[in-house]
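Here's the structure, in structure tokens; my notes come after.
Just so it is clear, none of the values below were taken in a lab; they were calculated from the coordinates. None of these values were measured; they are calculated from a predicted model. Cβ atoms come from the backbone with ideal geometry, glycine included; neighbour counts cover every protein chain shown.
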Amino acid sequence: MELIRTLREKSQTRHQMELQRQAEDFITLSDFDSSLYIAYQGTPLIPVNEDWTSKEILQELQKIRQNYINSHTPC
């Protein structure tokens, strides 16, 4: 039983790491029409407010990446 649980945990860990990698690869910042956007696979989707600081931009980027991860994680 312990072996099965260990294998399941390793599989779940690998899956979470893969989702994290995908989120970082797919959800990035992109320059489009002289403006900065949060993009999904290079497609600009969410304009970055010009008043946002670098910290705020990174927080928004992380929030969207976490949404991606959460939406691909089984309940």
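Among the residues of region 1-54, count how many are within 21 Å of C75 (Cβ to Cβ), among the aliphatic types (A, V, I, L, M) and touching a residue at least 24 places away in the same chain (Cβ under 8 Å).
Qualifying residue count, region 1-54: 2.
Yes or no: region 2-25 includes at least one residue that is of a type in the set (V, I, T) and in contact with a strand residue (DSSP E or B) (Cβ under 7 Å, 6 or more places away or on another chain).
First, the residues of region 2-25 that are of a type in the set (V, I, T): 4, 6, 13.
Retained after the next criterion (residues that are in contact with a strand residue (DSSP E or B) (Cβ under 7 Å, 6 or more places away or on another chain)): none.
The answer is no, given that none of the residues of region 2-25 is of a type in the set (V, I, T) and in contact with a strand residue (DSSP E or B) (Cβ under 7 Å, 6 or more places away or on another chain).
Identify all residues within region 19-56 that are among the acidic types (D, E) and under 11 Å from the mean Cα position of the chain (by Cα); write none if there are none.
E24, D25
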